[in-house]
Amino acid sequence: MKRRIAPLLENITESGVACLITMVQGNLFALGLGHWLIASRTGVIAGTIASVALYLARTNTRWLVSIILGIATTVVDFFVHPGQFGPVAAEAIVTGLGAALLSYAVGFLWSRVRRGRRPSAGVAPEAPG
């Protein structure tokens, strides 16, 4: 169960954070309740769509996860709220790119952390305490 929920929560968080940061154009001091609500909605919908698509495709390839999450975030962000800068779809595209990059970076760092926790081949882990 944990293996099914963790990727969903990761996708929701990455999409929501990308939306939140893009909405305020990086000025985190400008964040308000409205921003959090819009970013939460975008994150939940896009993260769920991406997770379902990845589950159906039966893949967890990092670059593919990032691309699918970026596309889902772009589309959902475009429909959830109007853009606040540039042409009509500019903010949605920037948000999608941010979600894809954030997803790839988090996945890369997470794989490094997991690799560091694994015992080396042929070496028995030490007994606790």
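The values are calculated or read from the model by the stated rules, or taken from the named source; none is laboratory data. Because the structure is predicted, anything quoted here is derived from the model rather than measured. Counting neighbours? That spans all protein chains shown, and the Cβs are built from the backbone with ideal geometry, glycine included. Note: accessible area is taken over every heavy atom of the protein model, side chains too, but ligands, DNA and RNA are not part of it. Shrake-Rupley method; radii C 1.70, N 1.55, O 1.52, S 1.80 Å.
Whether any residue in segment 98-113 is modelled with pLDDT under 90 and either basic (Lys, Arg) or part of a loop (DSSP other than H, G, I, E, B) (or both) is what I want to check. Yes, segment 98-113 has at least one match. Taking Arg4 as the residue in question, decide whether it is farther than 19 Å from Leu109 by Cα, surrounded by fewer than 18 Cβ atoms within 10 Å (Cβ to Cβ) and not aromatic (Phe, Trp, Tyr). Spelling it out, Arg4 is indeed farther than 19 Å from Leu109 by Cα, surrounded by fewer than 18 Cβ atoms within 10 Å (Cβ to Cβ) and not aromatic (Phe, Trp, Tyr). With respect to the numbered conditions (1) outside any loop (DSSP other than H, G, I, E, B); (2) touching a residue at least 24 places away in the same chain (Cβ under 8 Å); (3) closer than 17 Å to Arg3 by Cβ, which one is the sole condition not fulfilled by Thr95? Result: Thr95 fails condition (3) only.
Can Ile5 be described as touching a residue at least 12 places away in the same chain (Cβ under 8 Å) and among the hydrophobic types (A, V, I, L, M, F, W, C)? Answer is no for this residue. State whether one or more residues within segment 71-82 are in contact with a Cys (Cβ under 8 Å, 6 or more places away or on another chain) and either of a type in the set (D, E, K, R) or open to solvent by 70 Å² or more (accessible area, probe 1.4 Å) (or both). Yes.
Within segment 34-60, the set of residues being more than 16 Å from Val80 (Cβ to Cβ) and exposed (fewer than 15 other Cβ atoms within 10 Å of the Cβ) comprises Val52, Tyr55, Leu56, Ala57, Arg58, Thr59, Asn60.
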